[in-house]
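These notes are about the structure you will find just below.
The values are calculated or read from the model by the stated rules, or taken from the named source; none is laboratory data. Predicted, not measured: the structure shown is a model, and the values here were computed from it. Note: ideal-geometry Cβ built from the backbone for every residue, glycine included; neighbour counts use all protein chains shown. Only protein heavy atoms, including side chains, enter the accessible area calculation; ligands, DNA and RNA are left aside. Shrake-Rupley method; radii C 1.70, N 1.55, O 1.52, S 1.80 Å.
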Amino acid sequence: MNRQYNKVQLIMEICCGAVIAGIILYVGFKWTSIPKVIPIHFGINGQPDGYGGKGNILILLFVCAGVYGLISFCQRFPQTWNIPVKITEQNREKVYSILKTVIIALKLEVTLILAYITACSATFKPLKGWFVSAELIIVFITVFTGMYRCRKV
């Protein structure tokens, strides 16, 4: 498989890194103004329904970076992916490229979701009411678009 990134994949990877660096810097600069008790769980309506110490923000940061790292690791082994089409010599590169783009897009989406949750926790603000629905819709659209594109190859 071609391990090179195309332009879209590279831009999304750079955005992932920027989001992670940005949320770490944001928390670092706001650390002294973060309340001692913060929301650590949000209900489906976006309202906080669980609280904990501000140290829990660090857990969110580690989860964000950890998920990024785990997805990046898995991205390197396309032969282990659950692919929705039969891989042949003729379609291998194209299908792997499509799925690599999908995986990087999902990595960016998850990174943005966790960064937003971290920022809301740090500022003791509820999530927007539409947030849960929007995140699910965006993730499903990404996955189903990738599956559709693979089937068209």
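Summary table
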| item | result |
| --- | --- |
| Scan of region 56-76 for residues that are among the β-branched types (Val, Ile, Thr) and either surrounded by fewer than 16 Cβ atoms within 10 Å (Cβ to Cβ) or under 15 Å from the mean Cα position of the chain (by Cα) (or both), ordered by number | Ile59, Val63, Val67, Ile71 |
| Inter-residue pairs, beta-carbon under 6 Å, first among the hydroxyl-bearing types (Ser, Thr, Tyr) and in region 70-99, second open to solvent by less than 100 Å² (accessible area, probe 1.4 Å), 6+ apart | Tyr96/Met1; Tyr96/Pro78 |
| Residue count for region 77-91, restricted to those that are surrounded by 15 or more Cβ atoms within 10 Å (Cβ to Cβ) and assigned to a helix (DSSP H, G or I) | 1 |
| Residue selected from region 112-153 under the condition of a type in the set (Phe, Trp, Tyr) and closer than 24 Å to Leu60 by Cβ, by the criterion most open to solvent (accessible area, probe 1.4 Å) | Trp130 |
| Total residues in region 38-54, condition in a loop (DSSP other than H, G, I, E, B) and under 22 Å from the mean Cα position of the chain (by Cα) | 5 |
| Flag for Gly50 being within 23 Å of Val132 (Cβ to Cβ), surrounded by fewer than 13 Cβ atoms within 10 Å (Cβ to Cβ) and touching a strand residue (DSSP E or B) at 6+ places or on another chain (Cβ under 8 Å) | yes |
| Residue satisfying condition, being open to solvent by 40 Å² or more (accessible area, probe 1.4 Å) and either among the charged types (D, E, K, R) or at pLDDT below 95 (or both), within set Lys100, Lys107, Lys94 | Lys94 |
| Hits in region 36-69 (condition: of a type in the set (Phe, Trp, Tyr) and without any contact (Cβ under 8 Å) to a residue 40 or more places away in the chain) | Tyr51, Phe62 |
